[in-house]
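Just so it is clear, none of the values below were taken in a lab; they were calculated from the coordinates. The shown structure was predicted, so the numbers you read here are calculated from the model rather than taken from an experiment. Reconstructed Cβ throughout: ideal geometry from the backbone, glycine too, with neighbour counts over all protein chains shown.
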Amino acid sequence: MPISYDQLKSVTAQMYDRSLRRIPEDAKRALQRAVETESSEIGKNTIKVMLLSADAAEQNNHFVCSDAGVPVYFVKVGTRVQFEGSVKQAIRDGFRELTQSISPPLLKHVTNPLTSERGYEGKDMPIISFDMIDDADYIEIVCSPKALGSGRWAALEIFSFPALETIEKYVMDVVLRAGSQACPPVVVGVGIGGTFDHAAKMAKEATLRPMDEVNPEPILVDMEKRLLDAINKTGFGPMGTGGTTTAMAVHVNYSAGHGFTPVAVCFNCWIDRRTRVRISNDGELTHIE
């Protein structure tokens, strides 16, 4: 049985809505651990307020943050999946209908970069990326809204045959420029190698990795630990109040490439907004996070 237009429209709209009203369980656990390890009393209290705010939003079905950002979807399509109707149009129609009915109303964050006009619709909105999963009979969709705090400070630079130390120094330079404006404690995503566009995609996908999932590359396990330790020694702390919890996690992806090596860095704020579902060919829906 093909996956229908109506199901895609409904599910993807619900994913965006749900991502605004809760934080993922692994982010909640990371914040709870940070309450115990944070050295600053103000920082510790700030994290407690974050947790209380997240719980209140979930219990009262409100938004965790007023900046709902713009919807960004990553869709992995199994090669044995069948569709009935337009996939992109279903996602876009779902977002359009949601903006007309969601409560509380969304602020007009969708912005035309050429005119600065703001609204709910625009070219390529929502932003959708596609990938393939060989021999799978399901699709997996991640919705990760991107707001101003974390979105503003992403950066990319291209190096020639950089040493690991050069890469790590660049990541720290980006983190220091962002300071507390990315709404820490953050998840830092890093993409190394490939091409300009691929490095940026890898960095974004790195932020979506569950925090309890270990990097399969031993070199990157060590790099992630070094960077996390260094970031948490900057002293920015939760929401810039000072302390030892500026990042909850650092996740690094890499790809082979040419001698030129792009390095991309991006952030997810403390809410770490992401929802993930799987839809099988028979229409079965599984909520993963």
- With Cα springs under 10 Å, the Gaussian network model of the chain assigns the largest mean-square fluctuation among A54, A247, A182 to A54
- For L106, L51, L20, what ranking results if the residue with the fewest other Cβ atoms within 10 Å of its Cβ goes first? L51, L106, L20
- Quick shape check on region 80-226: root eigenvalues a ≥ b ≥ c of the Cα gyration tensor, a/c under 1.5 is rounded, otherwise prolate if a/b tops b/c, else oblate, and it reads oblate
- Message: Which entries of K48/K233; K28/K225; K28/K108 have Cα-Cα distances beyond 26 Å here?
- Response: K28/K108
- Message: Defining a contact as two alpha carbons under 8 Å apart and six or more residues distant in sequence, what relative contact order in percent does the chain show?
- Response: 27
- For region 148-268, projected area of the alpha-carbon convex hull averaged over all directions, nm²: 6.5
- Task: Please identify every one of the GluC sites (Glu not before Pro) in region 1-91 that sits in a loop by DSSP and has no more than 12 other beta carbons within 10 Å of its own beta carbon.
- Result: none
- Item | Axial C-alpha extent at least 24 Å, average Kyte-Doolittle at least -0.5 - helices from the chain (DSSP) | 41-60
- Query: Under a GNM of the chain (C-alpha, springs under 10 Å), which listed residue has the highest mean-square fluctuation: P113, P126, P218?
  - Reply: P113
- Item | Computed helical MRE - 222 nm, the chain, DSSP H runs ≥ 4 contributing -39500 (n - 2.57), nearest 500 | -12000 deg cm²/dmol
- Would you mind ranking V190, V277 so that the residue whose beta carbon has the fewest other beta carbons within 10 Å leads the list? V277, V190
- Message: Over 21 Å between Cα atoms: which of K88/K123; K146/K169; K9/K88 fall into that group?
- Response: K146/K169
- Task: Within region 154-213, list the chymotrypsin sites (Phe, Trp or Tyr not before Pro) lying in a DSSP loop whose Cβ has at most 11 other Cβ atoms in a 10 Å radius.
- Result: none
- Which shape class applies to region 222-281: rounded if a/c is under 1.5, otherwise prolate when a/b exceeds b/c and oblate if not, where a ≥ b ≥ c are the square roots of the Cα gyration tensor eigenvalues? oblate
